[in-house]
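The values are calculated or read from the model by the stated rules, or taken from the named source; none is laboratory data. All values derive from a computational prediction rather than experimental measurement. Here Cβ is always computed from backbone atoms with ideal geometry, including for glycine, and neighbour counts include all displayed protein chains.
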Amino acid sequence: MTKLPFSDRTEAGRLLGAELATRKLGSNVIVLALPRGGVPVGLEVAKALHAPLDVVVVRKLGVPFQPELAMGAIAGNSVEVLNHDLIASLHISQRDINEEIAKERIEVERREKLYRSGRPAPKLRGHTVVLVDDGLATGSTMLVAARYVKALKPAKTIIAVPVGASEACELLKSYADELICLATPKYFMAVGEWFIDFRQVSDAEVQRLLEQSRVSEITA
């Protein structure tokens, strides 16, 4: 039984990596973390599986007059999920939706270039892909990431998180071949409440951790 709260994302990643290592996933594994908070977790998972670490950048689509409220999310060049009920109830125009998508696609491209330092995105076809984040609250961001990965034809998709709301885990089970969540607390308000140290992860730290993983891969 997993003891909560976790000290930090690194400890959570080590525990998650240890659980995944028991699954004998083979050598054809790629770990994809959701920036930013998923990257410290993903690094430890990648170490445990002796696998490369990369990222899948997902961006929220904010309501134009209330940016913190999500009307959907996007990943990559083509995958998007929209909350049509919310859009209809708030009378958001197609023009506003298109403008928000265009803006966030620019940010997705910027972050992917920044995090990968110009390296191309990994080819996922035929690989076992482990999608990692620091937790699942609503699961909406991971849902978009899973749809994006599925479109790239991996052999298998595994969603792995240290902690999540049971409703979010149930939602995502149908979008992956396997879902691994170390803890599903009964009363779940936010991911951060299950970590002692849940400080924000910066772009610079994401870059450093990804580079650390690449160096470890080369010297292994």
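This table checks each residue for (1) without any contact (Cβ under 8 Å) to a residue 24 or more places away in the chain; (2) more than 20 Å from Leu143 (Cβ to Cβ); (3) in the same structural domain as Ala121 (by TED's automatic domain parsing).
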| residue | (1), (2), (3) |
| --- | --- |
| Leu25 | no, yes, yes |
| Ile30 | no, no, yes |
| Val41 | no, no, yes |
| Glu44 | no, yes, yes |
| Ala48 | no, yes, yes |
| Pro52 | no, yes, yes |
| Ala70 | no, no, no |
| Ala73 | no, no, no |
**Asked** When the residues of the stretch 129-138 are filtered to those that are crowded, with 24+ Cβ neighbours inside 10 Å and within 21 Å of Gly72 (Cβ to Cβ), which remaining residue is nearest to the chain's Cα centre (by Cα)?
**Response** Asp133
**Message:** Please count how many residues of the stretch 102-118 are touching a strand residue (DSSP E or B) at 6+ places or on another chain (Cβ under 9 Å) and under 18 Å from Arg36 (Cβ atoms).
**Reply:** 7
**Message:** Can you go through Leu143, Leu124, Leu210, Leu136 and tell me which one is touching a residue at least 40 places away in the same chain (Cβ under 8 Å), under 23 Å from Thr22 (Cβ atoms) and touching a strand residue (DSSP E or B) at 6+ places or on another chain (Cβ under 7 Å)?
**Reply:** Leu136
**Complete:** In the stretch 112-121, residues that are under 16 Å from Val79 (Cβ atoms) and surrounded by 17 or more Cβ atoms within 10 Å (Cβ to Cβ) total 1
**Fill in**
Among the residues of the stretch 202-213, the number that are buried (at least 18 other Cβ atoms within 10 Å of the Cβ) and modelled with pLDDT of 95 or more is 3
**Prompt:** Identify, please: which residue in the stretch 20-43 is within 18 Å of Pro154 (Cα to Cα) and among the polar types (S, T, N, Q) and is, among those, modelled with the lowest pLDDT?
**Reply:** Ser27
**Request:** Return the only residue of Ile87, Ile74 being β-branched (Val, Ile, Thr), more than 19 Å from Val41 (Cα to Cα) and part of a helix (DSSP H, G or I).
**Result:** Ile87
**Message:** So, Ala12, is that one under 16 Å from the mean Cα position of the chain (by Cα), modelled with pLDDT of 95 or more, among the hydrophobic types (A, V, I, L, M, F, W, C) and in a helix (DSSP H, G or I) or not?
**Reply:** yes
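Yes/no matrix, rows are residues, columns are (1) surrounded by fewer than 18 Cβ atoms within 10 Å (Cβ to Cβ); (2) assigned to a strand (DSSP E or B); (3) touching a residue at least 12 places away in the same chain (Cβ under 8 Å); (4) acidic (Asp, Glu):
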{"position": "Val149", "(1), (2), (3), (4)": "no, no, yes, no"}
{"position": "Pro154", "(1), (2), (3), (4)": "no, no, yes, no"}
{"position": "Gln200", "(1), (2), (3), (4)": "yes, no, yes, no"}
{"position": "Val215", "(1), (2), (3), (4)": "yes, no, no, no"}
**Asked** Scanning for something under 27 Å from Lys113 (Cα atoms) and either of a type outside the set (Val, Ile, Thr) or in contact with a Ser or Thr (Cβ under 7 Å, 6 or more places away or on another chain) (or both), does the stretch 86-95 turn up at least one residue?
**Response** no
